[in-house]
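Have a look at the structure below before the remarks.
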Amino acid sequence: MAVSTKKKLEREAVDLFISLYNKTADNRLRLLYQQEKPDAVLMDSRGSKLGLEITHLFYSEQEARQLFLREHRSIICIESIDSLIESLNQLVLRKEAKSKGYSSDYPLALLIRNLSPSFGWSDFNNAWDKIAAPSAAFTEIWLLTKERPAEEQWYLKALRS
């Protein structure tokens with residue numbers, strides 16, 4: 001994925017996250033800046049900073065290529081939610097390992113944005129108990145997903161807060 005595409009996706013994810021988070025939180029967040037390691041730095045209304053590592057969830061690398069490289073194939077294989085949850089659990093483990101190399105003066109949170117065209121909110125809603133409990137590397141872990149790709153509505157769920 002090209003750097004500009006990656007940064008654009010990260011910015012979209014941050015904007016969606018902040019918008020949904022601020023609808024229900026007393027301690028509102030705003031974006032200070034984007035960077036690497038972590039991908040974004042936020043500040044809350046009390047003046048505390050929060051590092052935000054952003055990752056995107058796909059069922060497979062093939063699915064990601066189809067979405068980003070615009071590969072057109074006549075058949076897209078619809079897989080099981082269990083396989084997607086396993087991918088999510090592996091993704092969290094990889095991000096936790098990667099985060100150990102970050103030097104930061106503020107807590108670190110993880111935002112996982114589901115971009116799988118096959119699975120949405122109701123699929124996750126029936127599988128929360130299958131998502132592995134993350135370690136302490138992230139103070140908060142959030143899942144951002146639509147019900148279905150064609151819909152506009154996004155949902156935000158704290159996996160750890």
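The values are calculated or read from the model by the stated rules, or taken from the named source; none is laboratory data. Please read all numbers here as calculations on a predicted model, not as lab measurements. All Cβ positions, glycine included, derive from the backbone under ideal geometry; neighbour counts span all protein chains shown. Heads up: the accessible areas ignore ligands, DNA and RNA and are worked out on the full protein's heavy atoms, side chains in. Shrake-Rupley method; radii C 1.70, N 1.55, O 1.52, S 1.80 Å.
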Task: Residue match in the stretch 2-9 (condition: open to solvent by less than 40 Å² (accessible area, probe 1.4 Å), more than 14 Å from LEU156 (Cβ to Cβ), assigned to a loop (DSSP other than H, G, I, E, B) and not charged (D, E, K, R)) - done: no
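Rundown of residues vs (1) under 12 Å from the mean Cα position of the chain (by Cα); (2) part of a strand (DSSP E or B); (3) surrounded by 17 or more Cβ atoms within 10 Å (Cβ to Cβ), yes/no style:
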residue: ARG113; (1), (2), (3): yes, yes, yes
residue: SER116; (1), (2), (3): yes, no, yes
residue: PHE119; (1), (2), (3): no, no, yes
residue: SER122; (1), (2), (3): no, no, no
residue: ASP129; (1), (2), (3): no, no, no
residue: ALA133; (1), (2), (3): no, no, no
residue: THR145; (1), (2), (3): yes, yes, yes
residue: GLU151; (1), (2), (3): no, no, no
residue: LEU159; (1), (2), (3): yes, yes, yes
